[in-house]
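As structure tokens, the structure follows; a few thoughts come after it.
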Amino acid sequence: MNYTLHQLSIYLRVFELKSVSKAAEEMHLSQPAVSIQLKNFQSQFPLPLWEIVSKKIFFSDFGIEIAKSASRILEEAQNLENKKSVYEGKITGRIKISCVSTGKYVLPYFLSSFLRQNEAIELQLDVSNKSKVIESLENNEVDFSLVSVMPGHLNLKKMAFMQNTLVLVGNTENAFKKRKNNKAFIESLPLIYREEGSATRLIMEKFIEKNKISVRKKITLTSNEAVKQAVIAGLGYSIMPLIGVKNELMNHQLQIIPVEGLPITTNWNLVWLSDKKHAPAAKALLQHLKERKDEIVTSHFSWINSY
């Protein structure tokens, strides 16, 4: 067989995305170029790898097995490149991180200087809710995950970044007492929740359950940004991470409403499987964070102390 690593890469990406056009766009290739490479790749096998039905691509059992092999081959090829770069004194490779959705306000600051210093390293960052982030970690699909609530069923190592502070917020149409309101005060407010599987929702539900608060009205939205915009629009109130509402507080679109038992504080932790064998790029990132994380927190997040 004369297939190339380039053909394997194209085939695997089409397989993962189930779309020739999406693969072409992501790989910065023309759709005809991808189609030609796929045709040349298929010609080297005696059985069909896929079929097109109603303009959709479906992979055969044989095609699925070839995709699995392609993934292993490409991973080994990348390992060879990594070893070569290490020998030459360079750090290269790919780092895969899954991050809970609110963590997108935190993680980039901890990665930026490292990636500027190591331009050959490729970052793959998946932002999702807590359930999906933990699933990717448990399945060993990522090198690291950023979480604010530690999963209890996994054997993990961690690096603490900073505190995660959650407060009750509303828009600025109504004035509230500066002193802390009784917890029962929340019962008079329509509440907006994140979706099931969100760490923010979990923390909010535990607070409400612990204090035996009867929820007046519940709206569920699927992202922190959606919740924030709904609160600004006056649809309700929500317990949200302070890190995600900085600009809206400064612009007087949102206000923090003082309530007994709030704020709630957790910690942002970078976690990984305790028996994970990290590649040189991931090891270098850990070393960088160990040396710089306190400086990063002071430089970019000291404003939190003013609230």
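The values are calculated or read from the model by the stated rules, or taken from the named source; none is laboratory data. What you see is a predicted model; the values in this text were computed from it and never measured. A quick note on method: Cβ atoms are made from the backbone with ideal geometry, for glycine too, and the neighbour counts reach across all protein chains shown.
Computed values, structure above
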{"item": "Checklist (1) farther than 30 Å from residue 223 by Cα; (2) modelled with pLDDT of 85 or more; (3) touching a Ser or Thr at 6+ places or on another chain (Cβ under 9 Å) applied to residue 100, failing item", "result": "(1)"}
{"item": "Checklist (1) surrounded by fewer than 19 Cβ atoms within 10 Å (Cβ to Cβ); (2) touching a Gly at 6+ places or on another chain (Cβ under 8 Å); (3) not hydrophobic (A, V, I, L, M, F, W, C) applied to residue 148, failing item", "result": "(1)"}
{"item": "Count of the stretch 20-41 residues which are crowded, with 17+ Cβ neighbours inside 10 Å and among the polar types (S, T, N, Q)", "result": "1"}
{"item": "Close pairs (7 angstrom Cβ cut-off, 6 or more residues apart or separate chains): outside the structural domain of residue 131 (by TED's automatic domain parsing) and more than 19 Å from residue 304 (Cβ to Cβ) in the stretch 146-170, surrounded by 17 or more Cβ atoms within 10 Å (Cβ to Cβ) and of a type in the set (Ser, Thr, Tyr) anywhere", "result": "170/237"}
{"item": "Selection from the stretch 165-195 of residues that are farther than 20 Å from residue 260 by Cβ, of a type outside the set (Val, Ile, Thr) and crowded, with 20+ Cβ neighbours inside 10 Å", "result": "193, 194"}
{"item": "Scope the stretch 1-19; condition of a type in the set (Gly, Ala, Ser) and either without any contact (Cβ under 8 Å) to a residue 60 or more places away in the chain or farther than 16 Å from residue 72 by Cβ (or both); matching residues", "result": "19"}
{"item": "Test: residue in the stretch 128-144 that is part of a loop (DSSP other than H, G, I, E, B), of a type in the set (A, V, I, L, M, F, W, C) and under 30 Å from residue 260 (Cβ atoms)", "result": "no"}
{"item": "Test: residue in the stretch 20-42 that is polar (S, T, N, Q), in a loop (DSSP other than H, G, I, E, B), under 22 Å from residue 77 (Cα atoms) and in contact with a Phe, Trp or Tyr (Cβ under 9 Å, 6 or more places away or on another chain)", "result": "no"}
{"item": "Residue ranges of strands (runs of 3 or more DSSP E) in the stretch 191-288 with at least 1 members over 17 Å from residue 148 (Cα atoms)", "result": "217-221, 238-241, 254-256"}
{"item": "The stretch 90-121, subset touching a helix residue (DSSP H, G or I) at 6+ places or on another chain (Cβ under 8 Å) and in a strand (DSSP E or B), residue surrounded by the most Cβ atoms within 10 Å (Cβ to Cβ)", "result": "100"}
{"item": "Condition check for residue 157: more than 25 Å from residue 248 (Cα to Cα) and in a helix (DSSP H, G or I)", "result": "no"}
{"item": "Hits in the stretch 42-62 (condition: exposed (fewer than 10 other Cβ atoms within 10 Å of the Cβ) and not basic (Lys, Arg))", "result": "43, 46, 52, 53, 54, 61"}
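So that you can scan it fast, the table gives a plain yes or no per residue for (1) farther than 19 Å from residue 203 by Cβ; (2) modelled with pLDDT of 95 or more; (3) loosely packed, with under 14 Cβ neighbours inside 10 Å:
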residue: 259; (1), (2), (3): no, no, no
residue: 269; (1), (2), (3): no, yes, no
residue: 272; (1), (2), (3): yes, yes, no
residue: 281; (1), (2), (3): yes, no, no
